[in-house]
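A short reminder: the numbers here are calculations on the coordinates, not readings from a lab. Since we're looking at a predicted model, the values are computed, not measured. A quick note on method: Cβ atoms are made from the backbone with ideal geometry, for glycine too, and the neighbour counts reach across all protein chains shown.
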Amino acid sequence: MVILGLSVGGAAVQAGEVTPDLRLETVVSGFVLPVAVRNAGDSRLFVVEQNGRIRVVSGGTVLATPFLDFTANAPATGFTGQSSASERGLLGLAFAPDYATSGLFYVNYTDGQGDTVIARYQVSGDPDVANPASAAIVLRIDQDFTNHNGGDLHFGPDGYLYIGMGDGGSSNDPCNRGQTLLTASLNNAGSCAVDAGFLGNGGQSESRALLGKLLRIDVSTAGSETERCGLATGSVGYSIPLDNPYAGTDGVCDEVFASGLRNPWRFSFDRLTGDIWIADVGQGAREEVDVLPAGQVGLNFGWRCREGFLATGLSGCGSPPPFTDPVLDYDRSFGQSITGGYRYRGPQQPLDGVYFFADFASGLHMAAIERSSGYQRVDWRDSGGNFSSFGEDQDGELYVLNYGAGSLQRLVTDTRFRGDFESESAF
């Protein structure tokens, strides 16, 4: 693996402007299809494997017993293991803000029919092993196709659970999920129709209006709102924050917090500002990074009418609503599947405020650096690996997962990103 000379938007950076000593240091290997890494407020890290296991990393070692093994609990969850050829599987993990006392955590997975399930679990008497019998369904979302499942989930600084949902799959968002807010406007034709198996599992046909969206729910209480489109028969329930943009009786699912997303493959909170950084995978033209500033609600990031800063020319976009542009995008000649990262807020002060991300297809590692004119993309490393996710430890240090190699790596650097930096050409 070679550390590159740094560049911005493909243009070389002048020597001496940046010290190119960022590197990835392998912490531990041996994972199978890792897709997420989280901390539970202590020194351990939890690695989610797409095929259905959550592994514990403690003291630089992967514990032999999984924290949770969905393959052993399949009768209760409906989960089926997945291979690297599929976008389905166990995709996300979030520990409750009060995990230290409640022991509750939440997972995002696709069931045997390929539909999204958010479920709640609790740790057992052993802090390194969850109790599989504690499984409780929170919500279900019907998926139109096999890809673009999103899968990420996080608790925000407000204590609410945020869930990233892709547009349901295929190309060009044929069911127009990203731009459909009113449940009465759902496309019900052909492959866009709800499937009987989903309804048989207690799901609602209106749940398809949650696709292509960022959702926000309150899992601490079971509310009585009538427009909770993900609520399934027999679920433990949830309520809607009063300041969600569509809370109330308006024909829009109350869970929706933002719209116009294609496949938000990893989003994160800036632990200093509370801003949400979303990496949205492109289709044929651009990959993009979106930012939802803290305190703003109801933003529409444009898909399927826009891809990055570009108009797609697809039907139904003649009189579009106001769209929020990404803070940056890049051409697919640099990569074809963005992996969202984090804005660094750890102890390495020279990196403070830099957003680190990667591209799964090209193996390129990138950073977004804020300048007076906006954010600039810096390409700092080409590893050739498939990097599936980033994560923070309790101190804010950044980690990255190499999907193919099955390794967990840590970002290590003495690099100074200088505030007077200027590129040879703007991206």
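Worth a mention:
- Charge context of residue 91, other residues only, Cβ under 11 angstrom, K/R +1, D/E -1: -1
- Segment residue 333..residue 128, full-extension length gain: 69.5 nm, with 0.36 nm per residue of separation and the alpha-carbon distance subtracted.
- Rounded to whole Å, the principal axis extents of the Cα atoms in segment 115-193 read 49, 27, 22, largest first.
- Gyration tensor verdict on segment 247-342 (Cα atoms; rounded if a/c is under 1.5, prolate if a/b is larger than b/c, oblate otherwise): oblate
- Highest average first, the peptides 160-171, 289-300 ordered by how many other beta carbon atoms sit within 10 Å of their residues are 160-171, 289-300.
- Taking the centroid of alpha carbons for each part, segment 88-166 and segment 280-318 are 26 Å apart.
- Cα pair distances in segment 186-269, grouped into 10 Å bins until the bin that holds the longest one, percent each: 17, 46, 34, 4
- Segment 225-313: GluC sites (Glu not before Pro) falling in loop per DSSP and having at most 13 other Cβ within 10 Å: none
- Highest-first arrangement of 265-278, 177-190, where packing means the average Cβ count within 10 Å: 265-278, 177-190
- Net charge of neighbours whose Cβ lies under 14 Å from the Cβ of residue 333, counting Lys and Arg as +1 and Asp and Glu as -1: -3
- Other-chain or far-sequence residues with amide H under 5 Å of residue 328's (modelled H): 289
- Residue-by-residue Karplus 3J(HN,Hα) for segment 366-377, coefficients 6.51, -1.76, 1.60, Hz, glycine and proline x: 9, 9, 10, 10, 7, 10, 5, 8, x, 9, 10, 8
- A compact globular protein would have a Cα radius of gyration near 2.2 N^0.38 Å; the ratio found for the chain is 0.93.
- Sorting 197-208, 58-69 by average packing, meaning the other beta carbons within 10 Å per residue, from highest down gives 197-208, 58-69.
- In this structure, the amide hydrogen of residue 275, modeled 1.01 Å from its nitrogen in the peptide plane, lies closer than 5 angstrom to those of 270, 294, counting only residues at least 5 positions away or on a different chain.
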